[in-house]
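The values are calculated or read from the model by the stated rules, or taken from the named source; none is laboratory data. None of the values given here were measured: they were computed from a predicted structure. Positions of Cβ are generated from backbone atoms using ideal geometry, with glycine treated the same way; all protein chains shown enter the neighbour counts.
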Amino acid sequence: MEKIPMTEGGFNRLEAELKQLRTHDRPAVIQAIAEAREHGDLSENAEYHAARERQSFIEGRIAELEDKLSRAEVIDPAKLSGDKVTFGTTVTLADEETDEETTYTLVGPDESDIKKGLVSITAPLARAIIGKAVGDAVEVPAPGGARGYEIVSIEVR
């Protein structure tokens, strides 16, 4: 079984979602199904079919979260500190063409959100900068052609 790296915050968010699904959403959809059954003929009962679809989604998400949490490897970025880019580090990159600086934090696949500057360690950008140090130049494959970046700073938060 392959471990899934994640930060403590990411692990806690998945646990909170699982708890919400188990304690609130699952009982609510079971109640909705029971109420829809009381309306009679199930073959033409849209409320019943919608509730069953919702139940199917919830059960699938619960199974997915249980699997991810069982395979989670919570990594404390502070223990990986050093002068190289690793999981959990925050990296500032300068685009070699425009000199525009952008800051990203490398996180697990389930935590990534590019709008918040959280990049999955499986993303091409992250794979290109892992193990690099301040001042190193990297080339990242992109749909419009390779882009060049220089690592400006590395920070462990």
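Just a few scattered comments:
- Check on P124, under 17 Å from the mean Cα position of the chain (by Cα) and not assigned by TED's automatic domain parsing to the domain that holds E64: yes
- If you filter the stretch 1-38 down to residues that are out of contact with any helix residue (DSSP H, G or I) (no Cβ under 6 Å at 6 or more places or on another chain) and not in a helix (DSSP H, G or I), you find that the one that is surrounded by the fewest Cβ atoms within 10 Å (Cβ to Cβ) is E2.
- Qualifying position, being within 22 Å of the chain's Cα centre (by Cα), acidic (D, E), surrounded by fewer than 16 Cβ atoms within 10 Å (Cβ to Cβ) and in the same structural domain as V91 (by TED's automatic domain parsing), among D136, D113: D113
- Restricting the stretch 39-79 to residues that are loosely packed, with under 14 Cβ neighbours inside 10 Å and aliphatic (A, V, I, L, M), the residue that is farthest from A16 (Cα to Cα) is L42.
- Meets criteria (at pLDDT below 90 and more than 30 Å from A34 (Cβ to Cβ)) for V74: no
- Condition check for D67: at pLDDT 90 or above, among the acidic types (D, E) and not assigned by TED's automatic domain parsing to the domain that holds V107: yes
- Some residue of the stretch 79-95 being over 18 Å from the mean Cα position of the chain (by Cα), over 25 Å from Y149 (Cα atoms) and not aromatic (F, W, Y): yes
- Extreme residue, nearest to the chain's Cα centre (by Cα), among residues of the stretch 139-152 that are surrounded by 15 or more Cβ atoms within 10 Å (Cβ to Cβ) and farther than 12 Å from V85 by Cα: V140
- Which listed residue is small (G, A, S), free of Cβ contacts under 8 Å to residues at least 24 places away in the same chain and more than 22 Å from A16 (Cβ to Cβ), from A133, A146: A146
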